[in-house]
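To start, the structure itself, in structure tokens.
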Amino acid sequence: MKPELSVVIPVYSEESGLAKLFARLYPALDALGMHYEIVFINDGSRDSSAQILSDQFRARPDVTRVVLFNGNYGQHMAILAGFEATRGDIVVTLDADLQNPPEEIGNLVAKVREGYDYVGSIRRERQDSAWRTIASKAMNRLREKITRIKMTDQGNMLRAYDRNVIDLVNQCSEVNTFVPALAYTFSRHPTEIVVEHEERAAGESKYSLYSLIRLNFYLVTGFSLVPLQFLSLLGIGLSFASALLFVYLLVRRFVLGSEVEGVFTLFAITFFLIGVILFGIGLLGEYIGRIYQQVRSRPRYVLQAILEEKNNNDQL
């Protein structure tokens with residue numbers, strides 16, 4: 001029977017919290033009274049997560065599917081692999097760390113049934129560190145200014161999508177992307193709801209400061225040309241300012257004669273311009289790097305195996 005609901009959960013080295021996840025996830029979905037499937041994606045875990053997921057598949061093969069990567073390709077690649085494996089009319093993404101309560105899935109499903117094709121979530125009281133909360137809010141404001149994507153809480157992965165949106169996402173072949181933003185671009189009737197947020201059940205966050213910066217670069221450069229356009233306008237403005245400064249210094253040369261005053265001001269201006277040039281080169285490099293990764297046409301991820309039930313037999 002085709003499931004009505006598919007829950008996609010990327011897993012990376014979460015062995016200490018998977019048992020707690022299973023204990024809450026399956027009862028929460030059983031209580032919905034709808035046919036569902038859970039698609040776990042093991043993203044090259046370095047612990048026993050893959051074995052635990054395999055054991056859970058054997059315990060509940062009727063509703064459990066497990067996608068095993070041969071290495072670590074990142075959370076968003078895992079979600080895209082999960083999207084391709086789903087069969088449900090409604091697809092919900094959920095983190096494995098239980099910061100998003102599985103009991104909230106029913107609220108997202110209810111919103112999709114009201115006619116929304118994209119349901120985001122806003123954490124009521126974030127249980128993250130202060131620096132992550134501040135950085136997330138700052139990126140939210142920056143993203144809204146340079147893209148048309150409106151997500152109040154972009155870092156929250158608990159989201160629901162209609163089948164049409166998932167099918168459109170599956171047609172994309174981007175090497176690096178930000179899945180919630182990509183799905184938002186295809187939605188016609190998006191909305192958001194407030195959900196609870198809890199502390200991690202076990203383990204620690206897999207996102208370092210560098211990873212968060214890289215992820216936000218993907219978000220900015222993958223969905224907008226505004227940074228390049230801003231750089232072009234900045235270059236034009238600095239060119240005019242440099243021309244005016246040259247004329248001013250030339251007039252002073254003829255009026256006041258040779259002088260050495262202001263040489264340190266010129267050094268400061270020079271260093272500022274060098275900084276702008278280096279920033280521009282870095283920004284261009286980000287866009288060119290994305291093009292380079294795309295034109296190589298390498299697979300976004302490599303599957304090791306898929307555990308799923310077919311014809312009442314466990315198949316790999």
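Checking every one of the trypsin sites (Lys or Arg not before Pro) in segment 1-72 against DSSP loop status and a limit of 16 other Cβ atoms within 10 Å picks out ARG46.
Each label was represented as a point 7 Å from its Cα along the Cα-to-Cβ direction; for ALA243 and GLU125 these points are 5.9 nm apart.
Each label was represented as a point 7 Å from its Cα along the Cα-to-Cβ direction; for ARG148 and LEU278 these points are 3.7 nm apart.
Here's how it looks for ILE122: its modeled amide H is under 5 Å from those of ILE193, VAL194, VAL195, which are all 5 or more places away or on a different chain.
Given the Cα-Cα distance of ARG141 and ALA305 and 0.36 nm per residue of separation, how much length would full extension add, in nm? The partial results should precede the final answer.
Working: separation 164, 0.36 × 164 = 59.04 nm, distance 4.03 nm.
Extra length from ARG141 to ALA305 when fully extended: 55.0 nm.
Taking label points 7 Å from Cα along the Cα-to-Cβ direction, GLU114 and ARG87 give a separation of 3.1 nm.
Solvent-accessible area of HIS189, all protein chains in place: 90 Å² (probe radius 1.4 Å, heavy atoms, ligands and nucleic acids excluded).
Over all other residues within a Cβ to Cβ distance under 12 Å of HIS35, the charged ones net out to -3, with Lys and Arg as +1 and Asp and Glu as -1. Couplings for segment 237-243, taken from phi via the Karplus curve 6.51 cos²θ - 1.76 cosθ + 1.60 with θ = phi - 60°, read x, 5, 5, 5, 5, 5, 5 Hz in order; Gly and Pro are left as x.
The values are calculated or read from the model by the stated rules, or taken from the named source; none is laboratory data. What you are looking at is a predicted structure, and each value in this text was computed from that prediction instead of being measured. Using ideal geometry, Cβ is built from the backbone for each residue, glycine included, and neighbour counts are taken over all protein chains shown. All accessible areas refer to the heavy atoms of the entire protein, side chains included, with ligands and DNA or RNA removed. Shrake-Rupley method; radii C 1.70, N 1.55, O 1.52, S 1.80 Å.
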